[in-house]
1. Which residues, taken from segment 69-97, are touching a residue at least 40 places away in the same chain (Cβ under 8 Å) and hydroxyl-bearing (S, T, Y)?
2. Would segment 65-72 turn up any residue that is out of contact with any Asp or Glu (no Cβ under 9 Å at 6 or more places or on another chain), at pLDDT 70 or above, loosely packed, with under 11 Cβ neighbours inside 10 Å and not aliphatic (A, V, I, L, M)?
Amino acid sequence: MGQVDPEESLEIGRGVFKRLGDCTASDIESAIRLIAQRHIDRAWIAEQAGGADRGELTIARRFFADATEAERDLIAYWQMVKLVEEAYSDNKRQGTD
C-alpha cells in the first residue's frame, strides 16, 4: 500500500470534498461508496456495450481496472478496518476479549 497523505482532498459526496486528515470513519465510508458506485456504473456500461461475454473482463475486473492506486489503497484499508472490527466484536461476544 502507498503512503497516506492527510493533506489529500477526498470526495466524500458528489462535489463535496474534505481534507483526508479531517475525515471521520463515516466520511471515508461515504468516499468509498462514491468511488465504488462510479466504478460499478462504468463497469456496467462497458458490460452492456460489449454484449455477450466474449472472454472480456468481468464487471468485477473492470471495476478495479480503472481504479487509481489511491482508490484501491483506500478500499483495501477500509476492508481491513471492517475485518478488525468484526474480529473484535466476535471476540467480545465469545468473552475472549
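The values are calculated or read from the model by the stated rules, or taken from the named source; none is laboratory data. All values reported here derive from a predicted model rather than from experimental measurement. Cβ atoms come from the backbone with ideal geometry, glycine included; neighbour counts cover every protein chain shown.
1. To start, the set of residues in segment 69-97 that are touching a residue at least 40 places away in the same chain (Cβ under 8 Å) comprises 69-70, 73-78, 81.
Listed by number, the list holds a single entry, Y77.
2. Quick first cut of segment 65-72, residues out of contact with any Asp or Glu (no Cβ under 9 Å at 6 or more places or on another chain) only: 65-69, 71-72.
From the residues that got through so far, the ones that are at pLDDT 70 or above too are 65-69, 71-72.
Restricting the remaining residues to those that are loosely packed, with under 11 Cβ neighbours inside 10 Å gives 68-69.
Narrowing the set further to residues that are not aliphatic (A, V, I, L, M) leaves 68-69.
Yes.
Residues are listed down the side, and each one gets a yes or a no for (1) modelled with pLDDT of 80 or more; (2) assigned to a loop (DSSP other than H, G, I, E, B); (3) among the basic types (K, R); (4) touching a strand residue (DSSP E or B) at 6+ places or on another chain (Cβ under 9 Å):
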| site | (1), (2), (3), (4) |
| --- | --- |
| D5 | yes, yes, no, no |
| I28 | yes, no, no, yes |
| R38 | yes, no, yes, no |
| A52 | no, yes, no, no |
| L57 | no, yes, no, no |
| F63 | no, no, no, no |
| T96 | no, yes, no, no |
